[in-house]
Every structure is written in structure tokens, then in C-alpha cells.
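Here is the structure we will look at, set down as C-alpha cells.
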Amino acid sequence: MSQFWLYFQLGLEHVLDWQAYDHVLFIIALCTAYTLSSWRRLLVLVSLFTLGHTVSLFLTHYEVVTVSPAWVEFLIPITIIATAFYNLFNVNSPVKERKMMVLFGVTLFFGLIHGFGFGRYFNQINDDKEVLPLIEFALGIELSQVIIVLAVMVLGYFLQTYFRVKQRDWSMVTSSIIIGMAIPMLMDNWPF
């Protein structure tokens, strides 16, 4: 297996690993408030999240910034819960009326937090300071995010079109389930 596919596959599997489902939960929480018709806004959000975690992946790998793993593991479920609660509190607000610049900034910041977790993982599998394996790993992460976004959007479309589930209900139920799944992660990683 070439080095590209090795690191690409590691990035892909790191996100899609069901035992480490925190990243999947965040992406699902980010997507559930959107429909296919608002895909552009969702694309900007996912891209900002990607930018954030790619930057912190590089900062961590090259030891520009060091963040306590305990705090990263504590903050990741907070980002998931905050995103899901945002969906619940804004369920009656049309996507077009939301304060997108604030949402963009928060999503970028949440991406930074998640990236510190990726950086720590990547440093465990590769202590080499070459940039190419890091980019290959990040590309695997990105493809896995696209897979998750597409799956959530297709599922939401299917439920709303064929089962007449309202977008509001889809967002509320999914966000509530995500909160229920993230609270034990938060309690398990409580740093105080």
C-alpha cells in the first residue's frame, strides 16, 4: 500500500470508526438543521469546520500549540451538545434569518477544538515532521466528513419527502438524540 493511501485511509477510518463517534455526532448535529435547498450554507459551515480542524491539526503536529488532552476530550462533547442545543433553540427560525457570521465563527472555533484531538492521534501514528502525510491524513478526514454530510442529507430528504417528516421534527429529534449520546461522553471526560 502506498504511503498516500495509508495515511488517507487512517484519516478516513479515524472519523468513521464507530467506537470514536464524537466527530460523527458533531457533523450530524451540524447538518440536521439544513435541507438540500440550503446546501450552500451547509457547505460553508462544513468547510469552516474543516479549516479549523486542519489548522489545529498542523499546530498540534508541529508543536506550535500544546493543549491538554483532558481538556480537548472534555471540550469535544461540549461542541456537540452546543451545536445540538443551537438546533433546538432555532428550530422555528428559518435558516435564512439566522446570524450566519456568528455561526460561521463558532463553527470555525469548534473545528479548532476537534482538530487538537486529530493532531494528538496523528502524532501517535507518525512522529515524522513531513507535511505530506499530514495532508494525506487530513484528506481522509475530509472525505469521511463528506460521506457523513451526504448520508445525513439523503436520509433527511428521504424522511421528509416520503414519510412526510417535517424538517422541524427531524432536527428536533436528531438533535435531542445527539445530546443524549454526548452527555455520557461529557461526564466520562469531566476534568474537574
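Can you sort E73, E13 from fewest to most other Cβ atoms within 10 Å of each residue's own Cβ? Mind showing how you got there, number by number?
Details: E73 19, E13 13.
Ordered by Cβ neighbours within 10 Å, fewest first: E13, E73.
Put +1 on the Cβ of every Lys and Arg and -1 on every Asp and Glu Cβ in segment 1-96; which of F74, Y62, L30 then has its Cα farthest towards the positive end of the dipole?
Of the candidates, L30 comes out farthest on the positive side.
Taking the Cα centre of the chain as the origin, how large is its charge dipole in debye, to the nearest 20, when only Lys and Arg (+1) and Asp and Glu (-1) carry charge on their Cβ atoms? Numbers along the way, then the final one.
Working: 10 positive and 13 negative charges, 222 e Å.
Computed about the Cα centre, the dipole is about 1060 debye.
Can you give me the Cα centroid spacing of segment 100-160 and segment 29-60 in angstrom?
About 8 Å separates the Cα centre of segment 100-160 from the one of segment 29-60.
Taking 0.36 nm per residue of sequence separation and subtracting the Cα-Cα distance, how much length would be gained by fully extending the chain between L88 and T66, in nm to one decimal?
Values: separation 22, 0.36 × 22 = 7.92 nm, distance 3.35 nm.
Answer, rounded to one decimal: 4.6 nm.
Of I125, L143, M153, whose Cα points farthest to the positive end of the dipole of segment 78-159 (charges on the beta-carbon: +1 Lys, Arg; -1 Asp, Glu; origin at the Cα centre)?
M153
Mind checking the angle between helix 22-31 and the chain's longest principal axis? C-alpha axes, 0 to 90 degrees, to the nearest 10.
40
At a 10 angstrom cut-off on C-beta neighbours, averaged per residue, how do the peptides 140-146, 120-126 rank from highest to lowest? The partial results should precede the final answer.
Numbers: 140-146: 20.0, 120-126: 15.9.
Ranking, from highest mean packing down: 140-146, 120-126.
Would you mind checking the tilt of helix 100-125 against the longest principal axis of the Cα atoms of the chain, expressed as 0 to 90 degrees and rounded to 10?
It is inclined by approximately 40 degrees.
With a 10 Å cut-off between alpha carbons and a GNM built on the chain, which of L108, L16, L43 moves the most?
L43
Angle between the Cα long axis of helix 39-61 and the longest principal axis of the chain, 0 to 90 degrees, nearest 10?
20
Among W5, W18, rank each residue by its count of other Cβ atoms within 10 Å, from fewest to most, as a rough exposure measure.
Numbers: W5 12, W18 6.
Lowest to highest Cβ neighbour count: W18, W5.
Where a number appears in this text, it was derived from the coordinates with a stated rule and is not lab data. Nothing here was measured: the structure is a model prediction, and the numbers come from that model. Positions of Cβ are generated from backbone atoms using ideal geometry, with glycine treated the same way; all protein chains shown enter the neighbour counts.
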